[in-house]
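Taking it in order: structure first as structure tokens, then the write-up.
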Amino acid sequence: PLYQQIVVEGMQQEAFFLRALAMESLTLLCLMDRVTAMGHVPLFLQVIQSDEAEVVAAASQGLFDLALLYGLQALEPMEAISGGSGEGEGGQRVKCPVQDCLLSLLQQPDPQVFAVAVQGWCKLLATDRIASEAVLLQLLTSYVSPTTADQVELRQFLSVFFSQQAPAHPQRFLR
């Protein structure tokens, strides 16, 4: 009943802030149960690709939280998971919709969504949920980019991230 009243009805509202709150509520429900989370990943992806910035930020934060708790690989559909090589039959790259969607957020023009993406990827890197030189390079580029000069909190977050990660994982930064 609470799911129906809060999440389903909240997602059907015209007001974006109510949809954002519904996404936050759904995230909390998904954090309590892995099966519920796996069943709602497509909804998170749909919202990220098609809703207003505030709702996209809430859905993105939720998806990053789920990735932190369950692991990024656990959120991918079964057909997207391969034997660890990232390649399917015939050497073709297997698509990972969750990872691709979260990576696309690093190209978002909206500062709020972009900040959520940067913080989410930093957390995944800091907790060793992923090891990606490409993501690390994008984060470093974001840190020094003139387009983020006015985003003081984001720059501060990245400053702390790099000052803690460089000594802890020098192999990531020396390549």
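The values are calculated or read from the model by the stated rules, or taken from the named source; none is laboratory data. What you are looking at is a predicted structure, and each value in this text was computed from that prediction instead of being measured. These accessible areas exclude ligands, DNA and RNA; they are computed on the full protein's heavy atoms, side chains included. Shrake-Rupley method; radii C 1.70, N 1.55, O 1.52, S 1.80 Å.
If you take the Cα atoms of region 1-60, find Rg, then find the Kirkwood Rh from the mean of 1/r over all pairs, what is Rg/Rh?
On the Cα set of region 1-60, Rg over Rh gives 0.94.
Considering only protein heavy atoms, with the full assembly of protein chains and a 1.4 angstrom probe, order Met38, Met11 by accessible area, largest first.
Highest to lowest solvent-accessible surface, that is Met38, Met11.
Whole-Hz Karplus ³J(HN,Hα) for region 152-158, in order, using 6.51 cos²θ - 1.76 cosθ + 1.60 and θ = phi - 60°, x for Gly and Pro?
Per residue, the Karplus-derived 3J(HN,Hα) values read 4, 5, 5, 4, 5, 4, 5 Hz.
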